[in-house]
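Heads up, the thing below is written out as C-alpha cells.
The values are calculated or read from the model by the stated rules, or taken from the named source; none is laboratory data. Just so we're clear, the structure is a prediction, and the values are computed from it rather than from any experiment. Positions of Cβ are generated from backbone atoms using ideal geometry, with glycine treated the same way; all protein chains shown enter the neighbour counts. The accessibility values were calculated without ligands, DNA or RNA, using every heavy atom of the protein model including side chains. Shrake-Rupley method; radii C 1.70, N 1.55, O 1.52, S 1.80 Å.
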Amino acid sequence: MDDSGVAIKRARLRSMQRLATLLLVLMLSLLVLSVVFKDVHPAMQWLQAFALAASVGAIADWFAVVALFHHPMGIPLPHTAIVARNKDRIGESLGHFVEHNFLTVENVVRKLEQRNLGRTAADWIGNETNADAVAGQLCALVPGMVNALDDDDVRGLFARTLGAQLDKVDTASIVANVLTVLTAGGRHQALLDRALHGLEAWLKVNQEAITARFGDASKYTPRVFDAFIVKKFVAGVVGLLQEVAASPEHDIRRQFDAATHDFIAKLNTSDEYRAQADALKRELLQHLEREGYYSVVWSDIKQRLQADLGSEVSVIKRHLREVLQKLGNGLREDMLLQEKLNAWSMQIIETLLLRHRHQVSGLIAEVVKGWDARELTEKMELEMGRDLQYIRINGTLVGGLVGLVLHTAIGLI
C-alpha cells in the first residue's frame, strides 16, 4: 500500500478513537454531575445508573481493544499486547485455517469444475485487446533480456555452441539426404529447367560482353570475325539449351540424372567424398571464426530486435498478437480440446493442492514469523482498529442501558 493509503487509514482510525474516547469522557462527566446533583431531582439516580454502567462498559472495552495491540497505558499487564506476543502462533493458525478451509479439493476443484476454463481462456486470449496486451507484455521483456546479455559472452556462446555443433555434423550425409529429397519424383529436373532458362537469358543479355572478351583473347582476328564467331557460338548454345528444355527424354537430361544419383551414392559411401565435405566444413568454420561472423550475427540480431520492438508498428508484436488470437479462436471452436484442457487443468490443480497445500500453510506461518512484531501490530491495527472502536462505542451505550435495566430491577425488588 502506498503512503497516501496508509495516511488515510491512520486518519480514519484516529477519528474513530477520538469519538469513542469523547463518549467515555461524556459518560464520566455525566456520572460526576449525577453524583453532585443527586439530591436536586430524583431523575439523577437514573442518570447516575446509566452513566456509571456506561463508563464501566467503555473502560472495559477500551482495555480489551487496546490489549489486542498494545500494553494499556504502557503497563505490561498479563494477557495484553496479544498480537505482538502471539505473532508466531497467529501465523501458524492462519496458515492452518487457509489450508483446511480454502485450499481443499472441495472448495477449489469442485468450484472450478462449474466453469469451462478452456472456453474462458479461449474467449479471453481471442479478444484482440487482451491478445495485444499479452503480446505487448511479452515484447516488453525482450529488450531488457537482450541488454542484460553481455555481447562478448553471447558471441563466445555462439562460437562454442554453434561451432561445436556444426563441427559434429556429418556434412556428406546431410548433403546426400538433401539431394535425395530434391531429386525425389524428378524435382531436380525442374531445377535443371530453371538453370537452362537462366543460362539462356544470361547468354543473350551478355553477348556483347562475351564478344569483347573473345576479342581481347584473340588480338589478331578482325572484330567482325569475332562477333560472327561469338554470335554463332551463343546461338548454338541457346539452341542446345532450348532443345534440352523441350525434351524430357534428352540425353543430357539422362546424363544429369545419372550424375546426380552417382554423386549422392558417393556422398554416402565414398571416404574421399566424405573427407572433402568435412574439409570444406572445417574451412567454413575457420572462416566464420576468423572473420568474426558470430559477432556480426549477434549484433545484427540485437539491432533488428531492438528496432522492431521499438517501433509503433512492430512486426514481431503483430505476428505474436495474431498467433494468440488464432490460438484463442481455434480453442473456442474445438469443444473436444476444451474438454481435454479442462480435465487436464482439474487434474493438475487437484494434484498440486494435495501435494503442496501444506507447504502453503507453512509458507504463511514462516512469512508471519519473519515479520517484525511492531510492524505487524501497526498493520493489523490500521486494518482492524477503526472497526474495533465500534466495540467501545457499543460497549458504552449497551453498558448504560444495562445499568438502567439493573437499576429498575433493583427498584422493583
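Given the options L28, L52, name the one that is at negative phi, modelled with pLDDT of 90 or more, surrounded by fewer than 20 Cβ atoms within 10 Å (Cβ to Cβ) and not small (G, A, S). Talk me through it step by step, then tell me what you get.
Working: L52 fails: surrounded by fewer than 20 Cβ atoms within 10 Å (Cβ to Cβ).
One residue alone meets the criteria, L28.
Taking the stretch 309-338 on its own, how many of its residues are open to solvent by less than 60 Å² (accessible area, probe 1.4 Å) and either assigned to a helix (DSSP H, G or I) or farther than 24 Å from L141 by Cβ (or both)? Lay out the reasoning, then the answer.
Residues of the stretch 309-338 open to solvent by less than 60 Å² (accessible area, probe 1.4 Å): 309, 311, 314, 320-321, 324-325, 328-331, 338.
From what is left, the residues that are either assigned to a helix (DSSP H, G or I) or farther than 24 Å from L141 by Cβ (or both) are 309, 320-321, 324-325, 328-331, 338.
Of the residues in the stretch 309-338, 10 are open to solvent by less than 60 Å² (accessible area, probe 1.4 Å) and either assigned to a helix (DSSP H, G or I) or farther than 24 Å from L141 by Cβ (or both).
Does K38 count as without any contact (Cβ under 8 Å) to a residue 40 or more places away in the chain and over 22 Å from L397 (Cβ atoms)? Don't jump to the end; show me each part of the working.
Values: without any contact (Cβ under 8 Å) to a residue 40 or more places away in the chain: yes; over 22 Å from L397 (Cβ atoms): yes.
So K38 fits the description; yes.
Pairs only if they're at least six apart or on different chains, beta carbon under 9 angstrom, first in the stretch 289-308 and part of a helix (DSSP H, G or I), second at pLDDT 75 or above and among the hydroxyl-bearing types (S, T, Y); list them, first residue then second.
D308/S314
What tally of residues in the stretch 88-132 results from selecting those that are touching a Gly at 6+ places or on another chain (Cβ under 9 Å) and not in a helix (DSSP H, G or I)?
1
Picking from N130, N86, N101, which residue would you name as being out of contact with any Leu (no Cβ under 6 Å at 6 or more places or on another chain), open to solvent by less than 40 Å² (accessible area, probe 1.4 Å) and within 30 Å of L353 (Cα to Cα)? Write out each step before concluding.
On the way: N86 fails: open to solvent by less than 40 Å² (accessible area, probe 1.4 Å); N101 fails: open to solvent by less than 40 Å² (accessible area, probe 1.4 Å).
Sole residue among the options that is out of contact with any Leu (no Cβ under 6 Å at 6 or more places or on another chain), open to solvent by less than 40 Å² (accessible area, probe 1.4 Å) and within 30 Å of L353 (Cα to Cα): N130.
What number of residues within the stretch 31-44 are at pLDDT below 85 and of a type in the set (G, A, S)?
Our first condition is that a residue be at pLDDT below 85; within the stretch 31-44, this holds for 38-43.
Narrowing further to those that are of a type in the set (G, A, S): 43.
Residues flagged as at pLDDT below 85 and of a type in the set (G, A, S) within the stretch 31-44 amount to 1.
Condition (residue is of a type outside the set (A, V, I, L, M) and not in a helix (DSSP H, G or I)) applied to the stretch 12-32: is it met by at least one residue?
Checked the stretch 12-32: no residue is of a type outside the set (A, V, I, L, M) and not in a helix (DSSP H, G or I).
Report yes if some residue within the stretch 348-358 is under 30 Å from T80 (Cα atoms), of a type in the set (A, V, I, L, M) and either open to solvent by 60 Å² or more (accessible area, probe 1.4 Å) or in a helix (DSSP H, G or I) (or both); otherwise report no.
As a first pass, look at the stretch 348-358 and keep what is under 30 Å from T80 (Cα atoms): none.
So far as the stretch 348-358 goes, no, none of its residues is under 30 Å from T80 (Cα atoms), of a type in the set (A, V, I, L, M) and either open to solvent by 60 Å² or more (accessible area, probe 1.4 Å) or in a helix (DSSP H, G or I) (or both).
Across the stretch 68-84, what is the number of residues that are free of Cβ contacts under 8 Å to residues at least 24 places away in the same chain, over 22 Å from T396 (Cα atoms) and in a helix (DSSP H, G or I)? So that I can check it myself, show each step before the final result.
Within the stretch 68-84, the subset free of Cβ contacts under 8 Å to residues at least 24 places away in the same chain is 71-80, 82.
Then drop every residue that is not over 22 Å from T396 (Cα atoms), which leaves 74-79, 82.
Of the ones still in play, those that are also in a helix (DSSP H, G or I) are 74, 82.
Here the count works out to 2.
Please pick out the residue among F228, F214 that is without any contact (Cβ under 8 Å) to a residue 60 or more places away in the chain and out of contact with any helix residue (DSSP H, G or I) (no Cβ under 6 Å at 6 or more places or on another chain).
Numbers: F214 fails: out of contact with any helix residue (DSSP H, G or I) (no Cβ under 6 Å at 6 or more places or on another chain).
Going through F228, F214 in turn, just one is without any contact (Cβ under 8 Å) to a residue 60 or more places away in the chain and out of contact with any helix residue (DSSP H, G or I) (no Cβ under 6 Å at 6 or more places or on another chain): F228.
Return the pair list, or none, for Cβ contacts closer than 7 Å from residues in the stretch 45-67 that are under 12 Å from L28 (Cα atoms) to residues that are of a type in the set (V, I, T) and surrounded by 20 or more Cβ atoms within 10 Å (Cβ to Cβ), at least 6 apart or on different chains.
A54/T396; G57/T396; A58/T396
Go through (1) open to solvent by 80 Å² or more (accessible area, probe 1.4 Å); (2) within 17 Å of G400 (Cα to Cα) one by one and return the number of the condition V36 breaks.
All conditions are met except number (2).
Do we find that A140 is part of a helix (DSSP H, G or I), surrounded by 16 or more Cβ atoms within 10 Å (Cβ to Cβ) and small (G, A, S) in this structure? Step through it out loud before you land on a result.
Details: part of a helix (DSSP H, G or I): yes; surrounded by 16 or more Cβ atoms within 10 Å (Cβ to Cβ): no; small (G, A, S): yes.
In short, no.
From the residues in the stretch 60-81 that are buried (at least 16 other Cβ atoms within 10 Å of the Cβ), out of contact with any Lys or Arg (no Cβ under 8 Å at 6 or more places or on another chain) and among the β-branched types (V, I, T), which one is modelled with the highest pLDDT?
V66
With a cut-off of at least 3 residues that are open to solvent by less than 80 Å² (accessible area, probe 1.4 Å) and modelled with pLDDT of 80 or more, name the helices (runs of 4 or more DSSP H) lying wholly within the stretch 151-257. Show your work before the answer.
On the way: elements: 151-157, 163-168, 171-183, 187-205, 207-217, 223-246.
Filter on the stretch 151-257 gives 187-205, 223-246.
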